[in-house]
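J.: Encoded as structure tokens, here's the structure I'll be asking about.
The values are calculated or read from the model by the stated rules, or taken from the named source; none is laboratory data. Computed from a prediction, not measured in an experiment: that's the story for all the values here. When we count neighbours, we look across all protein chains shown, and the Cβ atoms used for this are built from the backbone with ideal geometry, even at glycine.
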Amino acid sequence: MLVPRPLQAGDKIAIVCPASTVADEHLDGAAEALKRLGFDPVMSPHAKGPHEGSYSATAEERIADFIEAYNSDARAVLCGRGGYGCVHLLDSLDKDMLRLDPKWVIGFSDVSALHALFQHAGVVSLHTSMARHLATRPDDHEVTRLMTDILTGQRTKVKYTVPADSRNIEGRAEGILRGGNLAVLNGLAATPYDILTLKDTILFIEDIAEPIYKVERVLHRLRLAGCFTPENPSALRGLVVGRFTLYESNRDFSTMEDMMSFWLHRWGVKIPVAFGFDTGHVEHNLPLVEGARAILDVTSDRTCLSLTI
């Protein structure tokens with residue numbers, strides 16, 4: 001995996017909107033925050049539109065903005081928000097171009113589609129909060145500080161420790177950290193951007209506004225695809241369950257985590273599984289480096305996820 005070079009003070013960060021529309025105040029606020037953090041923000045030509053329906057701009061304009069930003073002298077590309085639309089870019093982004101001069105691509109949610117592309121291109125990227133967070137949270141917010149430390153190379157090793165969860169499956173695994181929004185990743189199944197075809201994956205997942213039964217359906221697909229079968233060459237090494245938000249309980253399960261735990265234990269899954277990790281559509285959306293070497297250690301008293309960039 002290629003790692004983009006660390007950012008330095010004064011480096012440019014391009015702001016692009018590859019999916020849904022973004023409030024101007026969030027884009028402007030993010031630009032001001034990047035300035036305060038010591039960088040030089042560059043707003044892409046169509047970041048503020050003209051919008052096309054729910055999209056920030058036409059597919060062609062969003063593709064052009066991303067390619068221009070990535071090929072510019074900017075050292076990172078910050079996505080304004082997710083929503084929906086990143087899938088429109090995938091076939092237009094050449095993997096050789098992405099590898100020629102690797103840049104940090106930053107974002108989460110629908111940006112998981114771009115992270116999946118970068119995994120197949122062999123370039124690491126940063127799964128973390130985007131423009132609204134930078135615009136509305138203080139510069140010393142833990143997520144912002146961690147993001148900045150990773151981008152500038154001050155942290156080449158990151159270690160997250162969270163309390164034990166009674167639904168965990170204990171164990172230790174080493175592999176490559178990959179993942180993101182579960183609905184987005186599931187939508188890439190059986191395509192050239194399917195990350196579940198990649199070996200040695202420690203998968204992290206999160207989602208928003210997905211009913212329990214739909215996530216259960218995806219979980220069954222993962223089992224049927226051999227993701228929990230050790231003999232399968234692309235079986236998962238470990239699973240990190242992030243935050244699932246804005247859903248309702250149903251007649252079968254009170255929570256998303258209870259549903260997942262029920263099936264994982266019923267299937268006798270042996271890989272380490274960690275619940276309660278802060279990644280997703282939450283305030284404390286911990287930065288995760290996609291493509292980093294990772295160790296997942298789940299014990300009776302805590303979960304530890306260690307990343308080496």
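J.: Before we move on, is S261 of a type in the set (S, T, N, Q), over 18 Å from the mean Cα position of the chain (by Cα) and closer than 30 Å to L89 by Cβ? Break it down into steps so the answer makes sense when it comes.
T.: On the way: of a type in the set (S, T, N, Q): yes; over 18 Å from the mean Cα position of the chain (by Cα): yes; closer than 30 Å to L89 by Cβ: no.
No.
J.: Same structure again: Name the strands (runs of 3 or more DSSP E) wholly inside the stretch 170-287 in which the number of residues that are surrounded by fewer than 16 Cβ atoms within 10 Å (Cβ to Cβ) is 2 or more.
T.: Passing ranges, in order: 171-181.
J.: Something else: What about E290, is it within 21 Å of the chain's Cα centre (by Cα) and closer than 17 Å to R167 by Cα? Give the steps one after another, and end with the answer.
T.: On the way: within 21 Å of the chain's Cα centre (by Cα): yes; closer than 17 Å to R167 by Cα: no.
Against the criterion (within 21 Å of the chain's Cα centre (by Cα) and closer than 17 Å to R167 by Cα), E290 does not qualify.
J.: Right, another one. Kindly indicate the residue of the stretch 208-257 that is within 25 Å of E174 (Cβ to Cβ) and of a type in the set (S, T, Y) and also farthest from the chain's Cα centre (by Cα) among those meeting that condition.
T.: In this case the residue turns out to be T229.
J.: Taking the stretch 71-111 as the region of interest, how many residues are surrounded by fewer than 20 Cβ atoms within 10 Å (Cβ to Cβ) and of a type in the set (F, W, Y)?
T.: Selection size over the stretch 71-111: 1.
J.: Something else: When only residues in the stretch 1-16 that are part of a loop (DSSP other than H, G, I, E, B) and in contact (Cβ under 8 Å) with a residue 60 or more places away in the chain count, which is surrounded by the fewest Cβ atoms within 10 Å (Cβ to Cβ)?
T.: Taking the stretch 1-16 first, the residues part of a loop (DSSP other than H, G, I, E, B) are 1, 3-11.
With the extra rule that they be in contact (Cβ under 8 Å) with a residue 60 or more places away in the chain, the set shrinks to 1, 3-8, 11.
Values: M1: 17, V3: 16, P4: 20, R5: 13, P6: 17, L7: 22, Q8: 11, D11: 19.
The residue in question is Q8.
J.: For A59, all conditions in the list (1) farther than 22 Å from L185 by Cβ; (2) in contact with a Gly (Cβ under 8 Å, 6 or more places away or on another chain) hold save one; what is the number of the exception?
T.: It fails just one condition, (1).
J.: Also: Among the residues of the stretch 274-300, how many are among the β-branched types (V, I, T) and within 19 Å of Q119 (Cα to Cα)? So that I can check it myself, show each step before the final result.
T.: So in the stretch 274-300, the residues among the β-branched types (V, I, T) come out as 279, 282, 289, 295, 298-299.
Add one more test, that the residue is within 19 Å of Q119 (Cα to Cα), and what stays is 279, 289, 295.
Result for the stretch 274-300: 3.
J.: Across the stretch 122-154, what is the number of residues that are farther than 11 Å from N285 by Cβ, among the β-branched types (V, I, T) and outside any loop (DSSP other than H, G, I, E, B)?
T.: Number satisfying all stated conditions: 4.
J.: Here's a follow-up. Among E32, E52, which is modelled with pLDDT of 95 or more, over 25 Å from A183 (Cβ atoms) and either surrounded by fewer than 19 Cβ atoms within 10 Å (Cβ to Cβ) or more than 22 Å from the chain's Cα centre (by Cα) (or both)?
T.: E32
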